[in-house]
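K.L.:
Below are the structure tokens for one structure; questions will follow.
The values are calculated or read from the model by the stated rules, or taken from the named source; none is laboratory data. Everything quoted here is computed from the prediction, not taken from an experiment. Cβ placement follows ideal geometry from the backbone for every residue including glycine, while neighbour counts extend to all protein chains displayed. Ligands, DNA and RNA are excluded from the accessible area calculation, which covers all protein heavy atoms including side chains. Shrake-Rupley method; radii C 1.70, N 1.55, O 1.52, S 1.80 Å.
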Amino acid sequence: MAVIAADLGGTKLATALFDAEGGLQHKATAPIGGRKGRAVGDLIRRECTGLLRAATKKGQRVKAIGIGVPGICRMEEGTVWAPNIPGWDRYPLLEDLAASFGGEIPVSIESDRSCYIMGEIWKGSASGCRNAVFLAVGTGIGAGIVMDGRLLRGAQDIGGAVGWLALSRPFNPEFARCGCFEYQAAGDGIARMAREQMAAEKGYAGLLSPKKIRAEDVFRAYESRDPIACRVLQDCIELWGMAAANLISIFNPEAIVFGGGVFGPAGQFMEAIRKEAGKWAQPIAFKNVRIEASTLGGDAALYGAAFAALDHISGN
């Protein structure tokens, strides 16, 4: 018995075949390549169909499919909204995929942040936890939250949109676009803060170029102790630590797991982030929480989508 998992990102789709024990049997990636609307749904269907055929050739029976999507997954409707996919405002992804597989293979869809935390609890850094948070820092910022063994989704399935945490004042009108925390400390935010500091610092002659800068450029410059890169990443450490502290104080989790594309290179700062969190968090809750980097890395959402698929079977 096997399940198929898919993780839709901003630029690519990852798919994988898992056995019932969580063993990753096969993994593939496909670029989104500028697709929009239904074309992205068609890409998911095509890649899942390819894995289904491969499993059949190996004599494995696929029992369910789990999909992780960025943005908002409206569980009751089966529709999705993704900020980086044009035409995905209320796209009926569940209906499309259920029709594609004839109702014979059940399909479950979750937000990618929910998949992250389910994957880490199942096979990663939060293994065995009933109360845990995954803080995903990539192009944007979001959190997957499990309390008392249950996913928290919120009234409109928007729970975990922690990129909107208010961590600075006064209010900057730019925060209205993506949130205060995300504006400053997501992958795009790291590049943005570096550009702003370069524009403000006359005579800067460091390693960064204002014409083209990405978060990875800031991390590389940090290794050579570029002053702006050091200031920007120190600010991020403080913001990541403050966000962790708020989550600790609100939810009293057993573990907070940092992951996403920025962690990665920001994994080197885990101890500094923990120290910063300790300044702000409720002290008893802080003493009893683990703050760690993801052990599943870029596969966390795939593991979570596979778990959701298996859970869907057992729930039926």
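K.L.:
Treating cross-link reach as a plain straight distance, find the lysines whose alpha-carbon is under 21 Å from the alpha-carbon of Lys279, omitting any fewer than eight places away in the same chain.
P.N.:
The qualifying lysines are Lys287.
K.L.:
Straight-line reach from Lys27: which aspartates and glutamates fall under 19 Å, measuring Cα to Cα and dropping same-chain residues less than 8 apart?
P.N.:
Filter leaves Asp7, Asp19, Asp42, Glu47, Asp112, Glu120, Asp299.
K.L.:
If we count every other residue with Cβ under 11 angstrom of Gly144's Cβ, Lys/Arg +1 and Asp/Glu -1, where does the sum land?
P.N.:
Residues close to Gly144 contribute a combined charge of -1.
K.L.:
Over the heavy atoms of Leu208, what accessible area does a 1.4 Å probe trace out, to the nearest 10 Å²?
P.N.:
My reading of the accessible area for Leu208 is about 20 Å².
K.L.:
Count the DSSP beta bridges whose two residues both fall in the chain, then state the antiparallel fraction as a percent rounded to the nearest 5.
P.N.:
Taking every DSSP beta bridge within the chain, about 55 percent pair in antiparallel fashion.
K.L.:
May I ask you to evaluate 6.51 cos²θ - 1.76 cosθ + 1.60, the Karplus curve with θ = phi - 60°, for each residue of region 31-44 and list the ³J(HN,Hα) values in order in whole Hz, giving x for glycine and proline?
P.N.:
Using θ = phi - 60°, the values come out as x, 6, x, x, 5, 10, x, 5, 4, 6, x, 5, 5, 4 Hz.
K.L.:
Here is a follow-up. Is the C-alpha gyration tensor of region 68-121 telling us rounded, prolate or oblate? Criteria: a/c under 1.5 is rounded; beyond that, a/b larger than b/c is prolate, otherwise oblate.
P.N.:
Oblate, since a/c reaches 1.5 and b/c is not below a/b.
K.L.:
Give me the one-decimal nm value for the distance between modelled label points at Ala166 and Arg130, 7 Å along each residue's Cα-to-Cβ direction.
P.N.:
It works out to 3.4 nm between the two label points.
K.L.:
If the cut-off is a Cα-Cα distance under 22 Å, which lysines reach Lys211, setting aside same-chain residues fewer than 8 apart in sequence?
P.N.:
Leaving aside lysines fewer than 8 places away in the same chain, those within reach of Lys211 are Lys202.
K.L.:
Express in nm, to one decimal, how much length is gained between Asp148 and Lys212 on full extension, taking 0.36 nm for each residue of separation and deducting their alpha carbon distance.
P.N.:
Extra length available between Asp148 and Lys212 comes to 18.5 nm.
K.L.:
Need one word for the chain: rounded, prolate or oblate. Basis is the Cα gyration tensor (sqrt eigenvalues a ≥ b ≥ c); a/c below 1.5 gives rounded, then a/b vs b/c decides.
P.N.:
Prolate, since a/c reaches 1.5 and a/b exceeds b/c.
K.L.:
Can you tell me the 0 to 90 degree angle between the C-alpha axis of helix 112-123 and the longest principal axis of the chain, rounded to 10?
P.N.:
80 degrees
K.L.:
Could you identify which residue out of Ile117, Ile85, Ile248 has the top mean-square fluctuation in a GNM of the chain using Cα springs shorter than 10 Å?
P.N.:
Comparing Ile117, Ile85, Ile248 in a Gaussian network model of the chain, the most mobile one is Ile85.
K.L.:
Cβ under 11 Å from Ala20's Cβ, Ala20 left aside: what net charge do those residues give with Lys, Arg +1 and Asp, Glu -1?
P.N.:
Counting the neighbours of Ala20, the net charge comes to 0.
K.L.:
Next up: So who's got an amide H within less than 5 Å of the one on Ala64, skipping anything under 5 residues away but keeping other chains? H placed 1.01 Å off N, in plane.
P.N.:
Ile4
K.L.:
Which of these, Pro227, Pro283, Pro170, has the largest mean-square fluctuation under a Gaussian network model of the chain (Cα springs below 10 Å)?
P.N.:
Its mean-square fluctuation being the largest, the pick is Pro170.
K.L.:
Amide H of Ala293 versus every other amide H placed in the peptide plane: which residues, excluding those fewer than 5 positions away on the same chain, fall under 5 Å?
P.N.:
Residues meeting the amide H criterion: Phe258.
K.L.:
Once amide H atoms are placed 1.01 Å from N in the peptide plane, what residues at a sequence separation of 5 or more from Ile109, or on another chain, have their amide H within under 5 Å of its amide H?
P.N.:
The answer is Ile67.
K.L.:
Looking only at Gly78, Gly59, Gly297, which one moves most when the chain is put into a Gaussian network model with springs between Cα atoms under 10 Å?
P.N.:
The residue with the greatest mean-square fluctuation here is Gly59.
K.L.:
Per-residue ellipticity at 222 nm for the chain, helices alone: DSSP H runs ≥ 4 residues times -39500 (n - 2.57), over residue total, nearest 500 deg cm²/dmol?
P.N.:
Theoretical 222 nm ellipticity from helices: -13000 deg cm²/dmol.
K.L.:
When you count, for each residue, the other Cβ atoms within 10 Å and take the mean per peptide, how do 31-41, 195-205, 256-266 rank with the highest first?
P.N.:
256-266, 31-41, 195-205
K.L.:
Here's something else I'd like to know. Relative contact order of the chain: what whole-number percent is it, with Cα pairs under 8 angstrom and at least 6 residues apart?
P.N.:
Taking the mean separation of contacting Cα pairs over the length of the chain, I get 21 percent.
K.L.:
Something else: Enter the accessible area of Arg74 (Å², nearest 10), with the probe set to 1.4 Å and all protein chains included.
P.N.:
That residue has around 40 Å² of solvent-accessible surface.
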